[in-house]
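Below is one structure; the comments refer to it alone.
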Amino acid sequence: MTYIPSEDRYSKMIYNRCGKSGLLLPALSLGLWHNFGDIDNFENARNILQVAFDNGITHFDLANNYGPPVGSAESNFGKIFKQDFLPYRDELVISTKAGWGMWAGPYGDWGSKKYLVASLDQSLKRMGLAYVDIFYHHRPDPETPLEETMATLDLMVRQGKALYIGISSYEPKEAAQAFKILKELGTPCLIHQPKYSMFDRWVEDGLLDVLEENGVGCIPFSPLAQGLLTNKYLHGIPENSRAASHRGNGAIDEDEISEEKIEKALQLNTIAEERGQNLAQMALSWILKDPRITSVILGASKSSQVLDSIKCLENCAFSAQELQKINQILS
Ligand SMILES: NC(=O)c1ccc[n+]([C@@H]2O[C@H](COP(=O)([O-])OP(=O)(O)OC[C@H]3O[C@@H](n4cnc5c(N)ncnc54)[C@H](OP(=O)(O)O)[C@@H]3O)[C@@H](O)[C@H]2O)c1
């Protein structure tokens, strides 16, 4: 069936400026790390993307190694893009990344020019795109000179294969160095993608300040700690959960669902209920309360989760008392 997007999709979303750039991103983006691989149900994946776009989520976040198997999330996205989203290419921000292990041998990992150039070409082919909107270096590489990696990102923009450049999981000091090099090259860094959730607050320790000083946007990943910050695991590990499915490739596993985390999640859930939210919604609005955050990347195994999570936008303000209670639980 031909997909026709909802006409009022843009009235359902908030769009934030990404750092000091011309680009607006939806407050909620959709990530394709899990649930879009060849091991997953194609029609379900298609439905998630359609429902996201119907609700104003204009930004889809991919990487070369998403699947499993690696590459398959991009291939499946490419098929869905061709079927459903081709007429809407200019309404979409599509990102991909390279930096983790992708193919065998010395040229399929980390941050060399050799790896990154080949990887973006492969990603464009798999997705059937002429360019991506954002290309990220996926993680810092301690062995490759930062100048080489950053010059490669600049090259991609000059070649028209990427419109903007981002980095992911760089620490504050190395991020600042990367921003300086990119600025000198004439391709300012658009955005940084760090892990950030109520359970992992490292970005508050310097990174967010560095991003603000440099006019760089911030788009946290795993905002729900892969499901721990939802009501999913409050009373055991359900069969249909990410933790029970042993997907590998960094997916949460049963042994990470500790009693301590569940106890904290139960306490947070009580505060969420008092705010008229569920835990997932509160965990997302808690991140979005900071004006330095441009967008938050959702993961979803079904479209109903997207619809549920989007409701976080109805209440992103926190009282000082609520924040204090949350901090006490998280300390
Ligand atoms: N740059 C990087 O290094 C990096 C690393 C990781 C991720 N990312 C990006 O960030 C995206 C999001 O990461 P993530 O998938 O870990 O995010 P997440 O939001 O922390 O976890 C998503 C999982 O939480 C559960 N969930 C989501 N919404 C829910 C709701 N409303 N109610 C109950 N459960 C809900 C689902 O688990 P079930 O599957 O169990 O239903 C879903 O698969 C990725 O897709 C990727 O684009 C980037």
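Tabulated results
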read-out	value
Convex hull volume per residue for segment 127-186, taking Cα atoms only, in Å³	82
Rg/Rg_ref, segment 172-265, where Rg_ref = 2.2 N^0.38 Å and atoms are Cα	1.39
Rounded tilt (10° steps) of 42-54 against the dominant C-alpha axis of the chain	80
Cα-based Kirkwood hydrodynamic radius, segment 224-331, one decimal, Å	14.5
Stretch gain in nm, segment residue 244-residue 330, where the contour uses 0.36 nm per residue and the Cα spacing is subtracted	28.4 nm
Spatial separation of Cα centroids for segment 134-174 and segment 263-330, in angstrom	31
197, 119 arranged by Cβ crowding within 10 Å, fewest neighbours leading	197, 119
Longest exposed-site-free window of the chain, the sites being GluC sites (Glu not before Pro) in a DSSP loop that have at most 10 other C-beta atoms within 10 Å	8-142
Fewest-first ranking of 90, 121, using other Cβ atoms within 10 Å as the exposure measure	90, 121
Relative counts (whole %) of C-alpha pair distances in segment 33-110, using bins that are 5 Å wide	3, 15, 24, 25, 16, 9, 5, 2, 0
Whole-Å distance, taken between Cα centres, linking segment 1-64 and segment 198-258	19
Reachable aspartates and glutamates from residue 161, criterion Cα separation under 12 angstrom, eight or more residues apart if same chain	121, 133
Simple label model, 7 Å out from Cα along Cβ direction - residue 266 to residue 104, nm	4.9
Within segment 1-65, trypsin sites (Lys or Arg not before Pro) in DSSP loop having at most 13 other beta-carbon neighbours inside 10 Å	20
R0 of 30 Å, Cβ-Cβ distance residue 304-residue 201: FRET efficiency to nearest 0.05	0.55
Length-normalised contact order of segment 116-272 in % [C-alpha pairs under 8 Å, at least 6 apart]	15
Residues with amide H under 5 Å from that of residue 162, placed H, sequence gap 5 or more	132, 157
Members of 289/311; 20/82; 12/289; 82/114 lying beyond 25 Å, as alpha-carbon distances in this model show	20/82; 82/114
The chain, relative contact order [Cα under 8 Å, separation at least 6], %	18
0 to 90° range, to nearest 10: angle between helix 320-330 axis and the chain longest Cα axis	80
Test item: Cα-centred dipole of segment 5-84, Lys/Arg +1 and Asp/Glu -1 on Cβ, debye	340
Estimated dipole of the chain in Debye, rounded to 20 [Cβ of Lys and Arg +1, of Asp and Glu -1, Cα centre]	760
Net charge of neighbours whose Cβ lies under 12 Å from the Cβ of residue 89, counting Lys and Arg as +1 and Asp and Glu as -1	-3
Cβ charges +1 (Lys, Arg) and -1 (Asp, Glu), total dipole of segment 176-331, debye	420
Compactness relative to 2.2 N^0.38 Å, alpha carbon Rg of the chain	0.96
Long-range amide H partners of residue 16 with built H, under 5 Å	25, 27
Under the Karplus curve 6.51 cos²θ - 1.76 cosθ + 1.60, θ = phi - 60°, whole-Hz ³J(HN,Hα) for segment 197-211, x wherever Gly or Pro sits	7, 4, 8, 8, 9, 4, 5, 6, 9, x, 5, 4, 5, 4, 5
Residues whose placed amide H lies under 5 Å from that of residue 93, excluding near-sequence neighbours	59, 60
Most positive-pole-ward Cα, 140, 80, 291, against dipole of the chain from beta carbon charges	80
Virtual paramagnetic centre 7 Å along Cα→Cβ of residue 39, amide N under 17 Å, in segment 223-245	226-227, 238-245
Formal net charge of residues neighbouring residue 189 (Cβ-Cβ distance under 11 Å; K, R +1; D, E -1)	+2
Counted charge near residue 57, where neighbours are those whose Cβ lies closer than 10 Å (Asp, Glu -1; Lys, Arg +1)	+1
Overall dimensions of segment 55-176 by Cα: Rg and Dmax, Å	14.1, 43
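Read-outs throughout are calculated quantities, based only on the coordinates presented, and are distinct from any laboratory measurement. Here the structure is a predicted model, which means the values were calculated and not measured. Reconstructed Cβ throughout: ideal geometry from the backbone, glycine too, with neighbour counts over all protein chains shown.
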